[in-house]
Each structure stands twice: as structure tokens, then as C-alpha cells.
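**Q** My structure is below; once you've seen it, I'll send some questions.
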Amino acid sequence: MNSKTPFSESELINQVQNNNRAAQKQLFDRFSPTMLSTCRQYIKDLHNAEDVMLCAFMKVFQNINQYRNDGSFEGWIRKIMIRESLSFLRSKKELDFIEDANQSVLSVVSDSYEISNDYQKLIDDLPKGCRYIFVLSVIEGYKHQEIAEMLNISVGTSKSQLAYAKKLLKQQIELIR
């Protein structure tokens with residue numbers, strides 16, 4: 001097969017497991033836009049998100065033999081991206097949580113919000129801890145127990161942070177309407 005012919009997903013996985021460079025490039029080209037978006041959900045700075053994504057793809061290539069065809073391959077890659085993003089945030093000491101999620105609401109809405117439904121900007125402006133929990137729960141679909149284990153927090157903290165994030169987002173959206 002020449003390097004320009006796209007592989008099926010199962011053939012692509014097999015070829016990447018055999019260290020085929022063309023297959024690695026195809027895998028990267030196929031999944032990198034979605035995976036950058038995943039990393040970007042956690043990391044505000046695009047350049048840092050790109051760096052994290054590249055490191056995570058290295059882990060994908062190094063650990064591809066651990067993929068066992070049980071579940072979505074894209075989901076398997078996404079988990080690696082999320083773990084790498086969270087590791088990056090831990091290394092930067094950016095995983096902090098508001099102890100009392102019922103404290104007064106932060107005023108983070110400004111004139112820079114356009115009616116263009118810039119939801120990513122609204123999510124970016126959430127306090128860090130509740131932003132991560134919001135993304136893990138609402139966007140990625142993780143349960144509170146899973147989030148608590150990933151972030152080394154209590155289930156109660158996960159639930160309160162999600163409630164706080166939803167409250168802030170609702171208020172932000174009402175202000176820009």
C-alpha cells in the first residue's frame with residue numbers, strides 16, 4: 001500500500017503497531033484536529049495545548065500495543081489526551097479548586113463577548129477547578145467518581161464544582177443576551 005492510500009481504522013492501528021511511519025502520519029492527521037480540541041478544553045493557551053497534544057501522541061505511538069479493540073479507538077486516544085492535559089496542569093500547579101462553591105459569583109463577563117455564541121470563551125473564563133470538572137463531566141461525559149479519582153479530589157468536591165460552573169455559565173449567558 002502506498003503512503004497516500006488511506007488505511008481503514010483497523011489496518012491503520014495494525015500498521016502503527018508495526019511502526020509504519022506513513023500510518024503514524026495518517027493517524028496523526030486523522031485525529032489531531034479533534035484531539036487538539038480536547039486538549040484545548042483544558043488548556044487555555046493554544047501553543048501549550050498543541051505541545052500537550054504532541055506529547056500525548058508520542059504516548060499513543062509508544063503504547064499503541066496496549067489498545068485491545070474494546071471500545072472506540074478515538075476514545076482510547078482521547079483518554080490519553082485528557083490524562084496528558086491534566087498532568088500538564090498539575091505540573092503548572094493549575095489544578096486548584098474553590099473550597100466553597102457557593103461563594104459570590106465572579107464577574108468575568110466583559111464586552112469582549114459577542115452574541116456569536118463564543119461558548120469556549122465562556123468556559124475558558126470559569127475558575128480553573130470548576131472549568132476542568134465542567135469539561136470532564138459535561139463535555140467528556142465522565143461520572144463524578146471517575147473525575148474524583150483522576151483529580152484526586154472527593155466526589156462531593158466534583159459535584160459542587162460542577163454546580164458552581166453551571167451557575168456561573170448560566171449567569172454569564174444571561175448577561176450577554
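**Q** For region 54-91, give me each residue that is open to solvent by less than 10 Å² (accessible area, probe 1.4 Å) and either over 20 Å from Ile139 (Cα atoms) or of a type in the set (A, V, I, L, M) (or both). First the steps, then the outcome.
**A** Just the residues of region 54-91 that are open to solvent by less than 10 Å² (accessible area, probe 1.4 Å), to begin with: 56-57, 60, 64, 73, 77, 81-82, 85-86, 89.
Listed by number, the residues that qualify are Ala56, Phe57, Val60, Ile64, Ile77, Met81, Ile82, Leu86, Leu89.
**Q** Could you check region 118-177 for helices (runs of 4 or more DSSP H) lying wholly inside it with 2 or more residues that are open to solvent by 40 Å² or more (accessible area, probe 1.4 Å)?
**A** The helices (runs of 4 or more DSSP H) meeting that bar are 119-124, 144-151, 155-176.
**Q** Working only within region 41-50, note down all residues that are part of a helix (DSSP H, G or I), open to solvent by 40 Å² or more (accessible area, probe 1.4 Å) and not polar (S, T, N, Q).
**A** Residues satisfying the conditions are Leu46, His47, Glu50.
**Q** From (1) open to solvent by less than 40 Å² (accessible area, probe 1.4 Å); (2) under 12 Å from the mean Cα position of the chain (by Cα); (3) not basic (Lys, Arg), pick out the condition that doesn't hold for Ser37.
**A** (1)
**Q** Tell me yes or no: at least one residue of region 127-134 is at pLDDT below 90, closer than 23 Å to Lys167 by Cβ and of a type in the set (A, V, I, L, M). Let's see the steps before the verdict.
**A** Taking region 127-134 first, the residues at pLDDT below 90 are 127-132.
Restricting the remaining residues to those that are closer than 23 Å to Lys167 by Cβ gives 127-132.
The next check asks that each one be of a type in the set (A, V, I, L, M); those that pass are none.
Looking through region 127-134, none of the residues is at pLDDT below 90, closer than 23 Å to Lys167 by Cβ and of a type in the set (A, V, I, L, M).
Matching residues to (1) in a helix (DSSP H, G or I); (2) at pLDDT 90 or above; (3) within 20 Å of Glu140 (Cα to Cα); (4) among the small types (Gly, Ala, Ser):
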site	(1), (2), (3), (4)
Leu12	yes, yes, no, no
Ala22	yes, yes, no, yes
Lys25	yes, yes, no, no
Ser32	yes, yes, yes, yes
Cys39	yes, yes, yes, no
Val52	yes, yes, yes, no
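**Q** State all residues of region 62-74 that are in a helix (DSSP H, G or I) and either closer than 17 Å to Ser8 by Cα or touching a Ser or Thr at 6+ places or on another chain (Cβ under 8 Å) (or both); if no residue qualifies, say none.
**A** Answer for region 62-74, where residues must be in a helix (DSSP H, G or I) and either closer than 17 Å to Ser8 by Cα or touching a Ser or Thr at 6+ places or on another chain (Cβ under 8 Å) (or both): Ile64, Phe73, Glu74.
**Q** Would region 93-113 turn up any residue that is surrounded by fewer than 13 Cβ atoms within 10 Å (Cβ to Cβ), modelled with pLDDT under 85, under 16 Å from Lys44 (Cβ atoms) and not polar (S, T, N, Q)?
**A** Scanning region 93-113, I find at least one residue that is surrounded by fewer than 13 Cβ atoms within 10 Å (Cβ to Cβ), modelled with pLDDT under 85, under 16 Å from Lys44 (Cβ atoms) and not polar (S, T, N, Q), so the answer is yes.
The values are calculated or read from the model by the stated rules, or taken from the named source; none is laboratory data. Keep in mind that what you see is a predicted model, and the values were worked out from it rather than measured. In this analysis, Cβ positions are derived from the backbone assuming ideal geometry, glycine residues included, and neighbour counts consider all displayed protein chains. The accessibility values were calculated without ligands, DNA or RNA, using every heavy atom of the protein model including side chains. Shrake-Rupley method; radii C 1.70, N 1.55, O 1.52, S 1.80 Å.
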